[in-house]
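To start, the structure itself, in structure tokens.
The values are calculated or read from the model by the stated rules, or taken from the named source; none is laboratory data. Please read these numbers as outputs of a predicted model, since none were measured by experiment. Every residue, glycine among them, receives a Cβ derived from its backbone with ideal geometry; neighbour counts consider all protein chains shown. For accessibility, only protein heavy atoms count, side chains too; no ligands or nucleic acids. Shrake-Rupley method; radii C 1.70, N 1.55, O 1.52, S 1.80 Å.
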Amino acid sequence: MILAPSLLLLLCLQPAPQASADRAAIAARLQTLRAAKDWAAMADLIEALPAPARAELSYAWLEALSKASRWDRLLAVTEELARTGTGPSGHFLVRFKGAALSHLGRHREALEWYREAGKGGDVSAWMEAADEASAIPDWKALLECAEALVDRYPTNGAYLGLRGEALAKLGRFAEAEPVLDEAVHLAPKRAMSWADLACCMNERAAYPEALEAAGRAVALDPRLIEGWCNRGRAQMGLKRYKEGRDDYAAALALGARDPALARNLKMNIEMADKYLAYRAPKPVQGRR
């Protein structure tokens, strides 16, 4: 049986015999709970221990709170451990506190928390910051995060995709398209990059190319609203109104979170329905 690092630490201390037996029993119980993935019980057990023991088990404590989805408590504990300097390494505290803020819907605070960690040298924190920027959304912040990642990893297709996405969302389509073109060659299975590339192509009325790129996005991720929206727009540009209307309907059915996008999709579907009804063959009037 392999023990977690914090559980090993608990056993390696050299207290009095009775205390040693108690520690061994606690470590065994925690390991059993971990194996059973009973994170709530594991968190409860650690919470009931004296402060020094909780500090010794800080990583297991944070892990249990996180996996038990006790976000308020996780946030409070990370702040307490940071204040007292008794917690795990800064990298882990960054991740656990950021996760707590994010799950509590405090995305702006999580973004700033991760961004400061990134500026302090924690490169991977920029990826977490990018997720928070997208959740807000804050496209200027996403661009900053993407630039920091691309500066470190210039041939990473996913990071280039983030840069292209941010540029496209900011309306900087001419800058975004070559970045996204490179991104899809380096990371061809990233659906969002294909959808954003299609968006840029739609903006310059390159509808056949946009249709192909959006089709790749939809094939890779059928639940990606941006893929359906951009394919629908390309279909409309090619005067394939029935197909475009169906693509917009597919995007709407996925549940657009942005109210403005949902309204726009409904408006385009209604316009397409009216046009298709107008173009439909009329019944021939019989002679009297």
**Request:** Any residue in the range 185-203 that's open to solvent by less than 40 Å² (accessible area, probe 1.4 Å): show its pairings with residues that are in a helix (DSSP H, G or I) and basic (Lys, Arg) at Cβ separation under 6 Å, as long as the two are six or more apart or on different chains.
**Result:** 194/216; 202/233
**Asked** Are there any pairs with C-beta distances below 7 angstrom linking a residue in the range 48-60 that is aromatic (Phe, Trp, Tyr) to a residue that is modelled with pLDDT under 90 and open to solvent by 20 Å² or more (accessible area, probe 1.4 Å), with the two at least 6 apart or on different chains, and if so which?
**Response** 59/5; 59/88
**Item:** Among residues of the range 180-205, those that are more than 21 Å from residue 154 (Cα to Cα) and not in a helix (DSSP H, G or I), counted
**Value:** 2
**Prompt:** Can you name every residue in the range 50-74 that is surrounded by 16 or more Cβ atoms within 10 Å (Cβ to Cβ), at pLDDT 95 or above and not in a helix (DSSP H, G or I)?
**Reply:** 68, 70
